[in-house]
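So the structure is just underneath, and the comments pick up after that.
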Amino acid sequence: MNKYLISLQYSELFTYRELISLMEVYKSYENAWLKLASSRSLFDDQVREKKIKDFLNKNSVQEIVDNLLLENIFPLTIYDKEYPVLLKESKSPPLVIYTKGNKSLLQEDTVSVVGTRKPTPYGRKIAFELSAYLADYLTIVSGLALGIDSEAHKGALKGSKKTIAVLGSGFHHPYPPENKELFNKIIAEGGLILTEYPPYLKPESWRFPARNRIIAGISKGTVVIEAGIKSGALITANYAMEEGREVFAVPGLITNTNSQGSNALLKDGAHLVLKYSGILETLAVFHNFKLGRTDNISSDGQGLIGFLEGGPLSAEELAIMVSEPIESILFKLSLLELEGKVVRKSGIFHKV
C-alpha cells in the first residue's frame, strides 16, 4: 500500500496528470510529499501552493490511511497486487481506488450491465434475469443508478451474490439516496463497492461519465439494456470499445426512445443478445475466463459426450435427456466445441 500516493490523491489538491508528474519528477510519492511540504512546489499559483503546504504539514499519511481503515474503507493503488488487472491495463486507470466489501471480487472475471434510469418493465425483467444468470459465472458490475443498474445488482444478489457497484461520489455520499439500502445490502451480502473519489466528495454531474470508464475498464464485456441516444450507458459502451472489450446489446422496440441507443449499438456491430448464455459463449471465444462452476461444467460436458456416443443429437434433445435448461446445454456444448470434442453440423452435435 503506497500511503503517500493515497494521501496525496485524498487531498484532492492534484489532478490525475499532476500526480503522475510528481512520480516522474520526485521518483517516489514519499519524496514528493517531503519536498512539497518543505520547498517550493511545481506550481506558480501561490494560493494553491499554500493550500498544498498546509495540507501536507497538518496531516499524517498514516493517520489518513488509518482513518479510512477505521471506516472499513480499503484503499488500493495502481501499484498494489490486489488492484484489478483489467482496470490497470485500461487507458486511464485511477491511481487510487477506495473499496468497501469483498475485495476478492476484484480478482474475478467481470461483465458490466448498464442501461437507462427509466426502463420499461421488459428492460427491468431482462436486467434482473440476465444478471442473476450471469452471476453464477461472472461478477456483475454496474453503477448503482436507478433503473437498469439497480436491477443488475439485485439480480446478481439473487444469483451468486457477486456484484460490484462503482460510485460517482465518495462513500459518505452514495448516490442516488434512494439506493442507500441497496448500497448496504451489496456489502452485507458479499459484494463490493468501489470509487476513485475520497469518501468526503459529494456527487457532481461530471463525475458520472468519468466513473463509467471504470465500469468499462474493469469488465471483459459490457451489456447495454435500454439506452437512449444520449444515455450514460452509451458512454460506458464507447469506453468498452476503446479498450477492445466486448460490447453486447439487448434489442428493444424501435418505438421506445430508450432503446434507440442500444439498437444503434447493434447497427454498429455490438453483439446481439438473443439468449443469456450467448454472452458467456462469446466471452469464452474471445477471452479466457474462469467459470465459477468449472468442475460441474467439465463433468457435465463429459456426460454430454457420453450421450453423443450413441449418435448425433440436437441441443433440444440433449436438454430433454439430462433435464437441464436449453441455455445451459448450449453453453456446455459451446465449451466442448472450443475444446474440439464435439462438432456442430446444421444445428446437430456430433462427437469428434
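The values are calculated or read from the model by the stated rules, or taken from the named source; none is laboratory data. This is a predicted model, so every value here is computed, not measured. A quick note on method: Cβ atoms are made from the backbone with ideal geometry, for glycine too, and the neighbour counts reach across all protein chains shown.
Can you confirm whether Ala210 is touching a residue at least 12 places away in the same chain (Cβ under 8 Å), within 16 Å of the chain's Cα centre (by Cα) and surrounded by fewer than 18 Cβ atoms within 10 Å (Cβ to Cβ)? Here the answer is yes, as Ala210 does meet what is asked. Entry remark, the stretch 91-129: residues being of a type in the set (Gly, Ala, Ser), surrounded by 15 or more Cβ atoms within 10 Å (Cβ to Cβ) and either more than 18 Å from Val223 (Cβ to Cβ) or without any contact (Cβ under 8 Å) to a residue 24 or more places away in the chain (or both) number 1 in total. Of Glu24, Glu12, Glu82, all but one fail to be assigned to a helix (DSSP H, G or I), outside the structural domain of Arg207 (by TED's automatic domain parsing), among the acidic types (Asp, Glu) and modelled with pLDDT of 90 or more; the exception is Glu24. Considering the conditions (1) over 16 Å from Ile97 (Cα atoms); (2) surrounded by fewer than 24 Cβ atoms within 10 Å (Cβ to Cβ); (3) not basic (Lys, Arg), Pro174 is excluded by exactly one of them, (1). So, of the residues in the stretch 316-352 that are of a type in the set (Val, Ile, Thr) and touching a helix residue (DSSP H, G or I) at 6+ places or on another chain (Cβ under 8 Å), which turns out to be surrounded by the most Cβ atoms within 10 Å (Cβ to Cβ)? Residue satisfying both the conditions and the ranking: Ile329. In the stretch 53-82, the residue that is farthest from the chain's Cα centre (by Cα) out of those that are surrounded by fewer than 19 Cβ atoms within 10 Å (Cβ to Cβ) and of a type in the set (Ser, Thr, Tyr) is Ser60.
For beta carbons closer than 7 Å, sequence separation of 6+ or different chains, a first residue in the stretch 10-33 that is without any contact (Cβ under 8 Å) to a residue 12 or more places away in the chain and more than 16 Å from Thr77 (Cα to Cα) and a second that is of a type in the set (D, E, K, R) and buried (at least 16 other Cβ atoms within 10 Å of the Cβ), the qualifying pairs are Tyr26/Lys35. Among the residues here, Ala135 qualifies as within 16 Å of Gly221 (Cβ to Cβ), small (Gly, Ala, Ser) and crowded, with 22+ Cβ neighbours inside 10 Å.
Within the stretch 92-113, the set of residues being touching a Leu at 6+ places or on another chain (Cβ under 9 Å) and in a loop (DSSP other than H, G, I, E, B) comprises Pro93, Pro94, Leu95, Asn102, Glu108, Asp109.
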